[in-house]
Structure formats: C-alpha cells, structure tokens
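One structure below.
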Amino acid sequence: MTDRKKDIILEIKNLRLDFGGSKEVLHDVNFVLKRNSITGMAGRSGSGKSLTALTILGLQNSEKCNYSGNILLHINGESIDLLGFSEKEYEKIRGSKISMVFQDIYSSFDPRLKCGVQLIEVLKTHTGKSNKECVLEAKEHFRKFGLNTRIFDSYPHQVSGGELQRVAFAIALASSPDLLIADEPVTNLDAISKKEILDLIKNINDKNNLSILYISHDIASIQYLTDEIVLMDSGETSIVKADKILDKQLNMRFSVKEDIADTKPVLQLKDIRKKYKRNSIFDIFSSSGELVALKNISFSLNKGEILGIVGESGSGKSTLARIIMGLEKAEKGQYIFEEKDYISANKKDIEYLRKNIQMVYQNPANSLNPLLSNKILIKEPFEVLGLRFDENEMLTRIENTLSKLNLNMDILNRYPQQISGGEAQRLAIARVLLLEPKVIIFDEAVSSLDNQNQYDLLNNLLDLQKERILSYIYITHDLVLARSFCQKLIIMKDGEIVESGLTVDIFKNPKAEYTKKLLNAVF
C-alpha cells in the first residue's frame, strides 16, 4: 500500500450502474474518503446519493443491475475491491468494517423487539460472546451514547425520533467499524435534536478515529461538520466546498402575504386535552399511570391562512393532527369546524371531516402502496369515500391537478417505487387535492426532499392555496422553511402551546425561553 493509500479508507473509481435498462443511474462516480475524517455528500433527490451508499455495502440488489468500476476498501495493509463481492463475503464486512445509519429511521428497527434487544443481537452476531456478556456490554454502550435504561427497555415506537437516532448510532458502532455511512440522519428531527445528533457525530469522529460519510440535502448541516463535499448530480460526482452551494440555498424564498385572506375561522380548537394510559415501563414516571399528550390546546385557523406548528419530537404535534383528522378523540374541549362542534363526532361526521380536512404525510413511501400502480392510487381516495364520477370527468380532473403540480399523465403508468421522492410526494398531494378539501395538514411533507424540490413544491402549494383559498396547517421541524412559508406559528413543547402569533413577530421578538432555544439551534 502506497503512502497516499495509507491516508485513504475508501476509494471509488469510475463506478457505473444500471438496472438492466439503457440509462445508467450512476455513471463515472469518483471520490475518496480519508481516514479519521468526515466527508459530506450532497445532491438533489434522485441524484444517486443513497444508491451510492447502498452499493458500497452491496445492498443495491446486484442480481437486477449491471455495474463496473472499483470500490476499494483500504484496510489492514490491503486494498479490497468490494464490487462483485458475494453476499457471504459482504457479511464479513457489514457492521465490522463498514456500518450504516439509514435514512428512514423507523424502518431500520424491528417494531417487535425492544431497542436494547436489537443491540444485543448485533453484538451476538459480531462478537460471539455469551448472552449475559452481550447484555452487559449493550447497557454500557447505551450509557456511552447518553441513553438510559428506559430507552433500553422500550420498543422503537415508544421513544422520540432523536432518542431512536442515538440508538441507531449506538447499534451501528457496536462492532467498532472503520467507516460509518450516515444517510440523512437528522432530516426528520427538530432543531435542538438535530444539533445534538450533529454534535454526537463530531464526537464519534473525534473519539473513535472513525471515517464518516455524511449524506444530506441540507448543506448547512454538512458545513457544520465539514467543508469537504462530494456533490452528486444525475449520477455523477464532483468535489466542492460547502460555502459554494450554501449561498444558493439561503437565497430561496417564498412570496407569502403576512395579512390573512379571510378573518373568519374555518377551524377552532378550544381547551383540547388528550391523555394515554402508560404501560408498565413508564409507570415509574407517573403515579397516575397516564401520559398527558395534549394540555388545553386552543387556536384558530382562518380561511386562506397558513398556520405553522413547530416543536420537538414528542411535543404533541402529530397527536394534535390525528385529532383534527378524526383519527383520535380528545377527552375534553371543543373542536369546531365550519361553526359545528365535532368533539363527539359520529361516523357520518367523521366521513365529512375526512373529505374536507386532508393530510399529506412525511414519507410518501408509507402512504403509497407499492403493489398498486399510480393510476389506481390516485383514484383510491374516491373509492374509499364512496365518491362517484364519470370516467372522462375523472381523467380531466386528474390531468388538471397533476399539471398544477408539474407532473405528466405518463406518471400514472408507473409504480411509486419507479418515481423520485419529489414526484412521489407530488402524487400524494395530488390525491388530496382531487378531493377538494378546505383544510390540508402537511406533516413534515417536504423534509425528505432536497432544497430545490422543497422550494419548487412549496411554491406550487402557495399557488394552489391562493387559487382555491385553501387553509394549510404546516407541521415542521424546519424553522427556516416555517419562517418563509407560514403566516402564523404555534410553538409546542410537552403537549402545550408555549408561544403563538404572527411568524414575523415570533422571529423578531420570541417571548418563551423554549422558542429562544429553538431559534438559537438553527445554523
């Protein structure tokens, strides 16, 4: 191994890949990862970032693809070409030499197993130690990552996004790999949790002499960690400095009117309260055995208004959205939609709410059935709600709606997994718009998209909102987008509204300490 190679842990040379078609999805990918350093990888949705990471670990479904080039792992004085490794050979590399934290954190965990058990399984696989030894080692490993016994004994859905992300890093580093790939590890986290995870990544790099490939569409978060960026565009790579593309991101703005289109409320919540029974794991934290998820929530949404709801994981944002959608019932309070109280809604009331109040979820992959074509999926809401239209009228409505979202009709001939993340989210929004609702809730609906796709999609939504005088509830962790997109803001913490008002006023003069802490965590 040459002196130059001693400073490099991974070297990708002329990597090309296609899935049996004429078009290459990766072509001429070239970059190196230095030892004990952090390298960023950025690019638009569909540019090949995640596919490159999966190919490094042999997870790209090699039976259905053609590839060429080299992926050289320089370790223990040797240079090993991983491209073309068999599954058995890769099993010796994954976890022990190269490990990965995946983008969709909840899909990375088995929901049937507690967090601690999932780390114990990894230790058993890679160390060969006894169950007792692995349990003790796993608990110590959790402690090093600032994770307590409660999280060790909890199922993935019982912990916050930030806590689960820490668990993912603890598991990924359990076998002391030489290289860690982190694919969008902070995309779905609030500003405070995001900074904590980025600081954790810095700390991991410093203490473990570890090489890290940090993949993100958020240039600001990459710049917080490193100035070296591998920029991907349409399957090709170039090496750039973070500040060269950060300025372009910061210049993206939206034209939202600060005045409200109509002062008449379309939706009002008054003193809404929601609680859940705790299971035995949490009983030690509450003598009543109850978790109060929402505490006396009150706000109004006017016609033609965009209201942002911001808060950390576990603050009650999603619970509030489920109550507004009629998916959960509040214990007390008033839920007034179009001047009628729906707090004790019957089945007929719920059907009316679900047509007129729609929701766009964070991950389109979880809301679009991969077994159904996009043509079937876009008509599905009508069938669920029992709405009937003439076929020609239906196609005309679909074509008009898709065109407003910059989608062509030929997208209907494909399946969700055959289109990009940005296209899939636009399709999910088209399904909602076709029902002509009066209120749309966006739950982190653009957080998984790159900045350009975010900008384009939100501008589409603004045009539609003005044209149809729609009311939006925009749930987000991204304060930068909230500042540009929302007219009013609600800041939530621990099931309570700690501050609310015009967006411009909250950013200029925040009153609550928690709001100040959130704003200070933004890069």
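The values are calculated or read from the model by the stated rules, or taken from the named source; none is laboratory data. Small disclaimer: the values here were computed from a predicted structure and weren't measured. Note that we place each Cβ from the backbone using ideal geometry, even for glycine, and neighbour counts take in every protein chain shown.
Looking only at residues that are of a type outside the set (Lys, Arg), in a helix (DSSP H, G or I) and more than 22 Å from the chain's Cα centre (by Cα) in the range 351-373, which one is surrounded by the most Cβ atoms within 10 Å (Cβ to Cβ)? Across the range 351-373, the extreme among qualifying residues is 353. For the range 335-350, the set of residues classified as surrounded by 17 or more Cβ atoms within 10 Å (Cβ to Cβ) and either hydroxyl-bearing (Ser, Thr, Tyr) or over 25 Å from residue 317 (Cβ atoms) (or both) consists of 335, 342, listed by residue number.
To keep it simple, each residue is scored yes or no on (1) within 16 Å of residue 16 (Cβ to Cβ); (2) touching a helix residue (DSSP H, G or I) at 6+ places or on another chain (Cβ under 6 Å); (3) hydroxyl-bearing (Ser, Thr, Tyr); (4) at pLDDT 90 or above.
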position: 59; (1), (2), (3), (4): no, no, no, no
position: 66; (1), (2), (3), (4): yes, no, no, no
position: 69; (1), (2), (3), (4): yes, no, no, yes
position: 73; (1), (2), (3), (4): no, no, no, yes
position: 76; (1), (2), (3), (4): no, no, no, no
position: 85; (1), (2), (3), (4): no, no, no, no
position: 103; (1), (2), (3), (4): no, no, no, no
position: 107; (1), (2), (3), (4): no, no, yes, no
position: 112; (1), (2), (3), (4): no, no, no, yes
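Set side by side, the residues 387, 435 differ, and just one is farther than 20 Å from residue 450 by Cα, outside any helix (DSSP H, G or I) and at pLDDT 85 or above, which is 435.
Among helices (runs of 4 or more DSSP H) entirely within the range 467-523, having at least 3 residues that are without any contact (Cβ under 8 Å) to a residue 24 or more places away in the chain singles out 503-508, 513-521. The residue that is surrounded by the fewest Cβ atoms within 10 Å (Cβ to Cβ), counting only those in the range 495-511 that are of a type outside the set (Val, Ile, Thr) and in contact with a helix residue (DSSP H, G or I) (Cβ under 9 Å, 6 or more places away or on another chain), is 507. Residues of the range 1-47 that are assigned to a loop (DSSP other than H, G, I, E, B), at pLDDT 85 or above and not polar (S, T, N, Q): 7, 35.
Could you check the range 383-413 and list, in sequence order, the residues that are touching a residue at least 12 places away in the same chain (Cβ under 8 Å) and closer than 22 Å to residue 445 by Cα? Selection gives 398, 401, 402, 404, 405, 406, 407, 411, 412.
Scanning the range 328-350 for residues being in a loop (DSSP other than H, G, I, E, B) and of a type in the set (D, E, K, R) gives a total of 5.
Among all residues of the range 75-95, there is none that is crowded, with 18+ Cβ neighbours inside 10 Å, within 21 Å of residue 12 (Cβ to Cβ) and touching a Pro at 6+ places or on another chain (Cβ under 6 Å). Of all residues in the range 409-432, none are assigned by TED's automatic domain parsing to the domain that holds residue 299, in a strand (DSSP E or B), surrounded by fewer than 23 Cβ atoms within 10 Å (Cβ to Cβ) and within 15 Å of the chain's Cα centre (by Cα).
In the range 108-126, the qualifying residues are those that are in a helix (DSSP H, G or I), in contact (Cβ under 8 Å) with a residue 40 or more places away in the chain and not polar (S, T, N, Q), and the one that is nearest to residue 93 (Cα to Cα) is 126.
Filtering the range 374-408 to residues that are of a type in the set (A, V, I, L, M, F, W, C) and buried (at least 18 other Cβ atoms within 10 Å of the Cβ) leaves 377, 378, 398, 402, 405, 407.
Tell me which residues, restricted to the range 192-218, are assigned to a helix (DSSP H, G or I) and within 15 Å of the chain's Cα centre (by Cα). 193, 194, 197, listed by residue number.
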